[in-house]
């Protein structure tokens, strides 16, 4: 194995199509979807799914309470380098088997024969859960950020949770409309969204730095806060990881779009690494600018808008109009992220159903021949997303746990195939890698990614505050392990009789 290969050979469209179909045939899959995406549109797709600096702004409170400015800075760097290693590891696997199934398919290939089918089943169920939760989170953030603006502009407005749910529904329906009726324009739209993603960064950071009074470097890089009641600063630091960990998820959406990408064996790995590097740079720049310009910490944390970022922007600009415009940019980014997340979530559902991994698999694996989209899978993804929105009416804390579930579940789907790849490499067992590979750096990068993912996953189950009450309980642990239990019961109920791992489809 040689050095990391970043550049794919140039192919004609016809030759590339034959090559992509042949790669899919090797996995036993029949091409059913149109390959509309290229490298730039997929970088835009992955970048907007992550949208690192935008969710960082929305989820700022958790990191400020548990760790403060200093921990946000250093936790961000930890998450950035850990994610970069994970993206490289997943890229190698995506080049090996570029299918929409992604992680559960790779687990089926790499796991020992005795456990292959069971491990693939569990990974598939958690992957479906992960993408549902990941799609719901920015939709909820966008909806409630808009409510925060209502509070800013009208102090008499009552922050009703059901208002947020209705706004959340509106975001979901926009995503469904785009994924069903405008799907052929999605690659072009993602390129435009990428430009918007970068342009908004400068449009927000420049006035923030220019207008706001500046904190000292000592405050940004050394000030530590333990406002969550943890007995040690080290624990507070680790619990605050979620603020930086969640923005570094979702980039693997490119893997689940593999069957709609030209030259997927090369484009997917390159898109993963490029999007993580780009978002890491933008996110770190935004974080540093924000911490220097954030004004009074206590005022930001106690804001009636429920989002410190709104108060920070208002303190910096002293203008409601400017704050409205800046937050509107974040809301727009959240809505744009949901467009791609809906696409990835539905493709994950479709792929798993194609392999008989879900109830009503034949129906869910149907592809609309006119639009070449998994219409039933999109509909099946939409229903639980609408039900998730109802959770917000009963408890905002429970819905925030959805962000935790998305992060934990996605990290599980990352570490499962990477752990199996590490096992193969340590045992020196042959692995039929694709054309894009890490060469001699493969094992060290895989090991670093694995250790990082395990460490992050442990602390994502911790509550944000002590003592634990029903109001601040972290429901992530209940939802995640409850879903694991359901998948195990489903396996014994019907899965073991119908699911045999990634199947080899019959050809006409």
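The values are calculated or read from the model by the stated rules, or taken from the named source; none is laboratory data. Here the structure is a predicted model, which means the values were calculated and not measured. Heads up, the Cβs are rebuilt from the backbone with ideal geometry, glycines too, and the neighbour counts pull from every protein chain shown.
Has segment 427-437 got any residue that is within 30 Å of residue 36 (Cβ to Cβ) and part of a helix (DSSP H, G or I)?
So in segment 427-437, the residues within 30 Å of residue 36 (Cβ to Cβ) come out as 432-437.
Okay, now just the ones that are also part of a helix (DSSP H, G or I), so none.
The answer is no; no qualifying residue exists.
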inquiry  = Against the definition (surrounded by fewer than 24 Cβ atoms within 10 Å (Cβ to Cβ) and modelled with pLDDT under 95), how does residue 59 come out, yes or no?
reply    = yes
inquiry  = Given the condition modelled with pLDDT of 90 or more, in a helix (DSSP H, G or I) and under 25 Å from residue 189 (Cα atoms), answer yes or no: does some residue in segment 287-297 qualify?
reply    = no
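Kindly indicate the residue of segment 391-406 that is at pLDDT below 80 and in a helix (DSSP H, G or I) and also surrounded by the fewest Cβ atoms within 10 Å (Cβ to Cβ) among those meeting that condition. Walk me through how you get there before you give the answer.
Keep residues of segment 391-406 that are at pLDDT below 80, which gives 394-401.
Among the residues that remain, those that are also in a helix (DSSP H, G or I) are: 394, 396-401.
Values: 394: 10, 396: 17, 397: 18, 398: 16, 399: 24, 400: 23, 401: 22.
That would be 394.
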query = For residue 159, all conditions in the list (1) in contact with a helix residue (DSSP H, G or I) (Cβ under 7 Å, 6 or more places away or on another chain); (2) at pLDDT 90 or above; (3) more than 20 Å from residue 251 (Cα to Cα) hold save one; what is the number of the exception?
reply = (2)
query = Which of the residues that make up segment 292-321 are touching a residue at least 12 places away in the same chain (Cβ under 8 Å) and farther than 30 Å from residue 222 by Cα?
reply = 320
message = When the residues of segment 212-247 are narrowed to those that are in contact with a strand residue (DSSP E or B) (Cβ under 7 Å, 6 or more places away or on another chain) and assigned to a helix (DSSP H, G or I), which ends up surrounded by the fewest Cβ atoms within 10 Å (Cβ to Cβ)?
response = 233
task = Run down 387, 383 and say which single residue is at pLDDT 95 or above and in a helix (DSSP H, G or I).
result = 383
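Give me the helices (runs of 4 or more DSSP H) completely within segment 99-181, filtered to those with at least 1 residues that are touching a residue at least 12 places away in the same chain (Cβ under 8 Å) and closer than 18 Å to residue 48 by Cβ, ordered by residue number. Spell out the reasoning first.
Details: elements: 103-110, 116-153, 161-181.
Hits in segment 99-181: 116-153, 161-181.
Would you be able to tell me the number of residues in segment 340-375 that are more than 14 Å from residue 128 (Cβ to Cβ) and without any contact (Cβ under 8 Å) to a residue 24 or more places away in the chain?
So the answer is 6.
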query = surrounded by fewer than 23 Cβ atoms within 10 Å (Cβ to Cβ), on the phi < 0 side of the Ramachandran plot and not in a helix (DSSP H, G or I) - does that describe any residue in segment 316-323?
reply = yes
request  = Looking at (1) surrounded by 24 or more Cβ atoms within 10 Å (Cβ to Cβ); (2) assigned to a helix (DSSP H, G or I); (3) modelled with pLDDT under 90, find the lone condition where residue 250 falls short.
outcome  = (2)
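Is segment 341-357 home to any residue that is under 18 Å from residue 194 (Cβ atoms), surrounded by fewer than 20 Cβ atoms within 10 Å (Cβ to Cβ) and under 19 Å from the mean Cα position of the chain (by Cα)? Walk me through it before giving the result.
Step one: of segment 341-357, the residues under 18 Å from residue 194 (Cβ atoms) are 341-344.
Cutting the leftovers down to surrounded by fewer than 20 Cβ atoms within 10 Å (Cβ to Cβ) gives us none.
No, the conditions are met nowhere in segment 341-357.
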note = Within segment 479-508, restricting to residues that are surrounded by fewer than 16 Cβ atoms within 10 Å (Cβ to Cβ) and modelled with pLDDT under 90, the one that is nearest to the chain's Cα centre (by Cα) is 503
